[in-house]
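S.K.: Below is the structure I would like to discuss, written out as structure tokens.
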Amino acid sequence: MPIVKRKPVQPVPVSEALEAAHARHEAPPVFYLATTGEVFAEYEHYAARLSYYHQRIFQCEVSGKSNLTYFEAAESEAQHTRAIQAQFPDALKAPILQAVQFQTVSRLSELVERVADSVKARFFPGETVLVDREGGAARQLAMVRAVDAGDASEVPPLSLALDAAPSLGYTVQLAADDGAWTGETLRVRATQLSRERHALSKTILRRFLRDSVSREAGATGVWRVREPLARKYAIPTEIPPDVIEWQQSVRDAQAAKRRRPSEGEAPRKRTASDAPSAAKVLKFPCEDTRLDAISAAELQTETPGELARRMARPSLGGDELLGVPSDLFEPYLAVYYFFLALGEPLGISSIALDDFESALRHPVAEPPCVLLAEMHAVLLNAIVRDGPHSRDLAPAAVAQRLAAVSRDEASPLEGEEPKDEAPDEASSDVSDSPEREVFDAAREIGRGWQRSELHDELRSGWERSLVGCLVDRATPEALPRFLGILSHLTGVAYDDDLDTPSVSLRTVAERYPLLPLSDKIHVLQFLCELAVLTRGVKAYYETCEAHLTELRKERVEISRTRKRTLEQRLALDAPPEGGAMDVEPDEPEPEAPAAEASDSDSERDELASDHGSDGADHSAGASDWDSSDSEGARDERYKRLAGTRQEALREKAQQREAEAARLAAAQARAAEQVRETKQLREERRRLEDTAARLARREDALEREFRRYAQIPRLRPLGRDRFLDRYYWLDGIGAAEAPTGAYQAARIFVQAPSRREWEALCAQYTGGRDALAQRRSREHGAPTAWECGSWGVYTQPEQVEELIAWLRPHGVREHALKAQLLKHRDTMEGGMRRRTDDIALGVREPAVVETRRSARVRSEQSSQLRLPYMQWRNTARD
């Protein structure tokens, strides 16, 4: 069975309504998925399940292949299963599966070892073996025909117990020369039989068992043969009593281990008095609401680089800073995020949120707003390029199919009549009603909108294409005020349109600017819902996922490179062996003193002269020696004095030579150390450059990863203790790195849904009222913060105060604070630039929708100077 995240994908059970209808012997129409055998009563559920099966998130359980659709994974499993079953000997399947049924070992590897040991000396009828005949030179191929139990009444079944193998005899039949089993019949012992080396290896056995058996999770799980194989080989499926007894003993042991009171002491029930002592033992980070209110000591805590701790969260801006009414903000932000994330496949460049809002409020048709035209044109072009694919998935087409099914159910015998009607007309059930007039006028205006894309520079006629798309693809359920919008754009009066434009506005291009802001937002949201179904957008999602995979691989490689660089740095910074110290490269090399060299040279000359002038000195001083001593005494004394002096001079010369050798060696060592020091400095410099380059690349990877990871789905930066979500939209999708320009330059905060708030209140110790009071106290807001509400932070100081308010001991706020600190410089830089633009008059501060006067509408020259009117689409082909 295909798996997702290591868990098998279970089929959707039949709904209770269909089961009840089957019990009443009714046969309602259903949608049947033949590959999985699933049955659905609603087309939406069938289409959603089929779309889920077509995602490349499944993995083949047998081969381990990933990135497959459900059908590809199922086919891969079937192919590998057939290959395994064909490779495994048929004679061994039934006895091995019978022996494995209800085994209690926990690991598959242990089960494989036990089966391999058990079948090593056991052979079964129909199995091909090799016979070692007594006195034979070579083994012969044979087939086991019968097994003899000897003294036993019957042959014991294969057992995985660690007992000695039974002594059995075998009757085998040799293969004839032509390969048929018609040769000689022999009676042999088990020691004379063997299998071919690759007939039953542990690898083949493991693959066969992994495909044939499964084990329940938990300590009491047992191995079970899959149901089709159990029926095929008549293997019992009821758990034996001894296995049930073993499971119960395991459960009892687990229960005793969880709570084991001392002897003679009855188990004590936990009371409310135990709660404070248990709450004191917390491991951080923990659940945010388990933390007590911030204390005075914690408020005095100072963190470097942050403001002082705060008791209350900084106040949020409301509708006056959101730019649109709060009830419209969620679809408004969803549409802007769609353009921001999918700018590349749509072919539209980055848009600032202020320009997006101003373009929606553009009040006149002349001068035309380029940004407004581009937003509608790129969406319409994407829908037109996709052709019938997106048309079949549009709400109008789905509604028509459901209506056709309902008509067939209502009049099964009159199946030909509905075919004569026009199924492509949403108003086929009305004749001369006002709705029919609106639809006819809309179809006339939007005639031919699907034939070609809008390619000219001004995107001329996008308003007419918009009307054609709405009348062909929308339904009242998919688009709020569907008929009212068409009535406004066509100029045909209708009761739902409370503000029909004047008849003096003859074209749809003149009527569109007067459409209410809420209708403009809902129209764009509907177009985005159609565009996201196109094949181009889906292909771009897959491209982003592949690119994210490459970024993850590069991130791992950068981590490995940084680790190697750090190890090399540590090796360079380690002290050298022998305690030798580095010599500064600028220090001059020591030289031997010239006087000492001259002394040694003079001593050598003196020794040489003494040796050469011994005879001369002796003859010159002979008369003196003759006057005082005898000839022999004079000779002996002269030799003694001359030898002593020569030995002293020779020893001194040797010392001088040893000192010179020592100085020369020191000079050589110093020169070598200087060379090594230069090399070390160059190596350190190289490693520092590598570390800096890795840091820069890692920052770029982080920005690029955020850019692509947020495309399929907008994820918040995190949540605080009360489950409020924090969104930051800069640097997503087609938007370039937020260092040069800003997109939203704001942090949007969304309150939790009612369901999430109810779940949090149920977990809180004090209950709903206590948690509501704590939220009101720690938010510090004068008005109630209702579920689903929106707020905004626009100033850098508010970001710093928010960081100071968060408590990192909570698991949610720990992650949120880490994200805020990571992007703090970029967030605050964008907010400062936006504030400066507003102060200089480049941007207009957000205001709630108001009526524009005729005088403002006529000031075309001033409008052309506004930033949103100067926007140009640099991503056009």
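S.K.: For the structure I just gave you, tell me whether L505 is touching a Lys or Arg at 6+ places or on another chain (Cβ under 8 Å) and modelled with pLDDT under 90.
M.R.: yes
S.K.: Going residue by residue through segment 791-802, is there one that turns out to be over 21 Å from E320 (Cβ atoms) and out of contact with any Pro (no Cβ under 8 Å at 6 or more places or on another chain)? Lay out the reasoning, then the answer.
M.R.: Initial filter on segment 791-802 (over 21 Å from E320 (Cβ atoms)): 800.
Remaining after also requiring out of contact with any Pro (no Cβ under 8 Å at 6 or more places or on another chain): 800.
Scanning segment 791-802 turns up at least one residue that is over 21 Å from E320 (Cβ atoms) and out of contact with any Pro (no Cβ under 8 Å at 6 or more places or on another chain).
Each row is one residue, and each column tells you yes or no for (1) among the hydroxyl-bearing types (S, T, Y); (2) more than 34 Å from the chain's Cα centre (by Cα).
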{"residue": "A73", "(1), (2)": "no, no"}
{"residue": "S76", "(1), (2)": "yes, no"}
{"residue": "R82", "(1), (2)": "no, yes"}
{"residue": "Q85", "(1), (2)": "no, yes"}
{"residue": "P89", "(1), (2)": "no, yes"}
{"residue": "K93", "(1), (2)": "no, yes"}
{"residue": "Q101", "(1), (2)": "no, yes"}
{"residue": "T104", "(1), (2)": "yes, yes"}
{"residue": "R114", "(1), (2)": "no, yes"}
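S.K.: Just one of the numbered conditions (1) in a strand (DSSP E or B); (2) closer than 27 Å to M143 by Cβ is not true of S214; which one?
M.R.: Unmet for S214, out of (1) in a strand (DSSP E or B); (2) closer than 27 Å to M143 by Cβ: (2).
S.K.: In segment 71-86, is there at least one residue being at pLDDT below 85 and farther than 27 Å from K5 by Cβ?
M.R.: Scanning segment 71-86 turns up at least one residue that is at pLDDT below 85 and farther than 27 Å from K5 by Cβ.
S.K.: Looking at Q59, Q103, which one is crowded, with 17+ Cβ neighbours inside 10 Å, outside the structural domain of A190 (by TED's automatic domain parsing) and under 24 Å from W223 (Cα atoms)?
M.R.: Only one candidate passes the filter, namely Q59.
S.K.: Select from segment 67-103 the residues that are among the β-branched types (V, I, T) and in contact with a strand residue (DSSP E or B) (Cβ under 8 Å, 6 or more places away or on another chain) and write down the one among them that is farthest from L158 (Cα to Cα).
M.R.: So the residue we want is T69.
S.K.: Within segment 167-190, take every residue that is in contact (Cβ under 8 Å) with a residue 24 or more places away in the chain and polar (S, T, N, Q) and give me the one that is surrounded by the fewest Cβ atoms within 10 Å (Cβ to Cβ).
M.R.: Ranking the candidates gives T185 first.
S.K.: Somewhere in segment 195-209, is a residue among the hydrophobic types (A, V, I, L, M, F, W, C), in contact (Cβ under 8 Å) with a residue 12 or more places away in the chain and assigned to a strand (DSSP E or B)?
M.R.: Taking every residue of segment 195-209 in turn, none turns out to be among the hydrophobic types (A, V, I, L, M, F, W, C), in contact (Cβ under 8 Å) with a residue 12 or more places away in the chain and assigned to a strand (DSSP E or B).
S.K.: To continue, here is another question. Hey, any hits in segment 683-690 for a residue that's in contact with a Lys or Arg (Cβ under 8 Å, 6 or more places away or on another chain), modelled with pLDDT of 60 or more and not hydroxyl-bearing (S, T, Y)? Let's see the steps before the verdict.
M.R.: Residues of segment 683-690 in contact with a Lys or Arg (Cβ under 8 Å, 6 or more places away or on another chain): 684, 687.
Checking the rest, the ones that are also modelled with pLDDT of 60 or more come to 684, 687.
Remaining after also requiring not hydroxyl-bearing (S, T, Y): 684, 687.
Yes, that holds for at least one residue.
S.K.: Ok, one more. Which condition number in (1) of a type outside the set (A, V, I, L, M, F, W, C); (2) loosely packed, with under 14 Cβ neighbours inside 10 Å; (3) within 22 Å of R313 (Cβ to Cβ); (4) modelled with pLDDT under 90 is the one that H779 fails?
M.R.: Just one mismatch for H779, condition (2).
S.K.: Output the residues belonging to segment 354-368 that are in contact with a Phe, Trp or Tyr (Cβ under 7 Å, 6 or more places away or on another chain) and crowded, with 22+ Cβ neighbours inside 10 Å.
M.R.: Narrowing segment 354-368 to residues in contact with a Phe, Trp or Tyr (Cβ under 7 Å, 6 or more places away or on another chain): 355-356, 358-359.
F356, S358, listed by residue number.
S.K.: I would also like to ask the following. Quick check on my filter: what residues within segment 1-22 are surrounded by 10 or more Cβ atoms within 10 Å (Cβ to Cβ) and either over 37 Å from the mean Cα position of the chain (by Cα) or part of a strand (DSSP E or B) (or both)?
M.R.: Those that are surrounded by 10 or more Cβ atoms within 10 Å (Cβ to Cβ) and either over 37 Å from the mean Cα position of the chain (by Cα) or part of a strand (DSSP E or B) (or both): I3, V4, P8, A17, L18, E19, A20, A21, H22.
S.K.: Sticking with this one: Which residues, taken from segment 23-66, are within 17 Å of K538 (Cα to Cα), out of contact with any strand residue (DSSP E or B) (no Cβ under 8 Å at 6 or more places or on another chain) and in a loop (DSSP other than H, G, I, E, B)?
M.R.: Within segment 23-66, H54, Q55 qualify.
S.K.: I would also like to ask the following. Only one of (1) small (G, A, S); (2) at pLDDT 85 or above; (3) in contact with a Leu (Cβ under 7 Å, 6 or more places away or on another chain) fails for G829. Which number is that?
M.R.: It fails just one condition, (3).
S.K.: Anything in segment 764-790 that is among the charged types (D, E, K, R) and either touching a helix residue (DSSP H, G or I) at 6+ places or on another chain (Cβ under 7 Å) or part of a loop (DSSP other than H, G, I, E, B) (or both)? List them, or say none.
M.R.: R768, E786
S.K.: What number of residues within segment 648-661 are surrounded by fewer than 11 Cβ atoms within 10 Å (Cβ to Cβ) and among the charged types (D, E, K, R)?
M.R.: Result for segment 648-661: 1.
S.K.: Give segment 428-459 a look and list any residue that's under 23 Å from L483 (Cβ atoms), at pLDDT 85 or above and not hydrophobic (A, V, I, L, M, F, W, C), or say none.
M.R.: R436, E437, D440, R443, E444, G446, R447, G448, Q450 - these are the residues of segment 428-459 that are under 23 Å from L483 (Cβ atoms), at pLDDT 85 or above and not hydrophobic (A, V, I, L, M, F, W, C).
The values are calculated or read from the model by the stated rules, or taken from the named source; none is laboratory data. Fair warning: this is a prediction, and the values are worked out from it, not measured in the lab. Note that each Cβ is placed from the backbone with ideal geometry, even for glycine, and that neighbours are counted across all protein chains shown.
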